[in-house]
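A.B. asks: First, the structure itself, so that you have it in front of you.
Every number in this text was worked out from the coordinates using simple rules, so none of it is lab data. Computed from a predicted model, the values in this text were never measured in an experiment.
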Amino acid sequence: MWLISALLAAVFAAATAILAKIGIEGVNSNLATAIRTVVVLVMAWAIVLFTYRWGHAGESLATTLGHISTRSWLFLILSGLTTGASWLCYFFAIKMGDVSKVVPIDKCSLVLTIVFAAIFLGEAFTWKTLLGSILLLAGTLVMIL
């Protein structure tokens with residue numbers, strides 16, 4: 001099931017870039033990011049509220065929110081701030097440049113994520129991840145030059 005979800009995420013991400021480039025025409029990139037964020041916020045909470053009653057027998061959403069640790073709140077907030085920063089930079093970049101060049105550079109986040117996961121989470125950094133990362137970076141360079 002995770003593979004299907006990952007593939008759908010890739011399809012939606014590709015569609016997002018194209019739809020955003022078309023939608024941002026004549027719109028300030030920060031305003032476009034704010035509009036997109038409101039849509040994501042409403043959609044995410046609608047999904048939580050719609051699906052919550054089936055996954056948590058007897059426990060209210062408020063109770064569940066109260067059980068989230070301070071550490072989890074901190075890191076979720078930091079993750080939200082970095083997501084916002086990423087989206088602001090991404091929308092500015094696609095407003096100013098070609099989507100076909102911006103998106104490959106943005107997807108270099110994959111390589112950075114692998115490196116960060118090794119440094120901060122202790123995940124394995126093998127010769128395969130090194131080779132894959134080098135190939136991804138090389139492919140990005142070929143696409144943007």
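A.B. asks: State the extension gain, in nm to one decimal, for the chain segment bounded by Leu121 and Ala9, taking 0.36 nm per residue of separation less the distance between their alpha-carbons.
C.D. replies: In short, 38.0 nm is gained.
A.B. asks: Any number yet on Rg/Rh for the range 32-125, C-alpha, Kirkwood?
C.D. replies: Ratio value, two decimals: 1.06.
A.B. asks: Grab the DSSP H runs of the chain that are 4 residues or longer, score each as -39,500 (n - 2.57), total them, divide by all residues and round the 222 nm result to the nearest 500 deg cm²/dmol.
C.D. replies: -28000 deg cm²/dmol
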